[in-house]
2 protein chains.
Amino acid sequence: MNSLLLVAHGSRREASNEEIRSLTESLRHKDGNCFADVGCAFLELAEPSIPDGIRACIARGATRVTVFPYFLSAGRHVASDIPDEVNSMVEDYPDIEITIAPYLGAAGAMGDLILQQSGSA
Amino acid sequence: MNSLLLVAHGSRREASNEEIRSLTESLRHKDGNCFADVGCAFLELAEPSIPDGIRACIARGATRVTVFPYFLSAGRHVASDIPDEVNSMVEDYPDIEITIAPYLGAAGAMGDLILQQSGSA
């Protein structure tokens, strides 16, 4: 079973964490979603952690987990912190295929989304 | 003339600020972009500031400026800090129409972008 794990930074402001949980819930039911399961996790300041998020996917039956960094820039969190946490889980679960997708800010379609959201017809 | 001003948080890591400048440059030349001009500005830690970014749009001939908050969550920056800076410019330039678009994280198409970027066919 293929699972998607949306990973956000996490915030002291609980409403920001809830935005991520709502987005995760909407992805679960989205047309065109080929992932059988979608979860979320936070790098810091909110729960679940990345390891706990990956463990939850596996507990729900995942054999492949795609970790998606919901970050706009390729800073330390994307370059090191998330890979470090994911790699420790790869060692713990050698039979599960755990990969990291390109981070959000690298999306080729980001420009289209910005123009759409800004009202450029 | 309609201008779009992409507003990012700004980072101590200059490469992150350059990502924003590159994105801005790519938007300038993008098919389907109805804005005659695209600029960028930063809330903090990088230049130009939001007021300077708006002034630069006006200096290049803008009569309408759409400020786009390139932020993922509706925290204090989106709710207060950016509006405060923009409102002070609205007072300074009563003949220019300056508006704030919905922030990036509120985009209805965000789910599609995530699935696309995660490799969901």
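The values are calculated or read from the model by the stated rules, or taken from the named source; none is laboratory data. Computed from a predicted structure; not experimentally measured. Reconstructed Cβ throughout: ideal geometry from the backbone, glycine too, with neighbour counts over all protein chains shown. Ligands, DNA and RNA are stripped out before the accessible areas are found, and what is left, the full protein with its side chains, is counted by its heavy atoms. Shrake-Rupley method; radii C 1.70, N 1.55, O 1.52, S 1.80 Å.
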Charge sum, other residues only, whose C-beta stays under 9 Å from B:S3's C-beta, Lys/Arg counted +1 and Asp/Glu -1: +1
Please report the buried accessible area for the interface of B with A, total over both chains, probe 1.4 Å, in Å² to the nearest 100. 3300
For chain B, what does -39500 (n - 2.57) per DSSP helix run (n ≥ 4), summed and divided by total residues, give at 222 nm, in deg cm²/dmol to the nearest 500? -11000 deg cm²/dmol
For the stretch A:24-65, list whatever residues lose no less than 50 Å² of accessible surface once every protein chain is in place, relative to that chain by itself, with the probe at 1.4 Å. A:K30
Tally the DSSP beta bridges in chain A and give the antiparallel ones as a percent, rounded to 5. 0
Quick check: Cα centre of the stretch B:98-121 to Cα centre of the stretch A:21-59, how many Å? 17
Formal net charge of residues neighbouring A:L43 (Cβ-Cβ distance under 10 Å; K, R +1; D, E -1): -3
Most fluctuating residue of A:A74, A:A106, A:A56 in a GNM of chain A with Cα springs under 10 Å: which is it? A:A106
Specify which residue in the list B:G32, B:I50, B:I82 is farthest towards the positive end of the charge dipole of the stretch B:2-117, using unit charges on the beta carbon of Lys, Arg (+1) and Asp, Glu (-1), about the Cα centre. B:G32
Please state the charge dipole magnitude for the protein assembly as shown, taken about the Cα centre, from unit charges on C-beta atoms (+1 on K and R, -1 on D and E), reported in debye and rounded to the nearest 20. 320
Carbon/sulfur accessible area of chain B, % of total, 1.4 Å probe, equals 49
Mean 1/r over all different Cα pairs, inverted: what Kirkwood radius does the stretch B:2-117 give, in Å? 14.5
Can you give the extra length, in nm with one decimal, that the chain gains between A:R60 and A:R13 once fully stretched, where that is 0.36 nm per residue apart less the Cα-Cα distance? 14.1 nm
Net charge within 13 Å of B:G75 by Cβ-Cβ distance, Lys/Arg positive one each and Asp/Glu negative one each, not counting B:G75 itself? -1
Tell me the per residue accessible area of chain A using a 1.4 Å probe; a whole number in Å² is fine. 45
Points 7 angstrom from Cα along the Cβ direction at B:R76 and B:D52: gap in nanometres? 2.3
Can you give the direction-averaged projected area of the convex hull of the alpha-carbon atoms in the protein assembly as shown, in nm²? 12.8
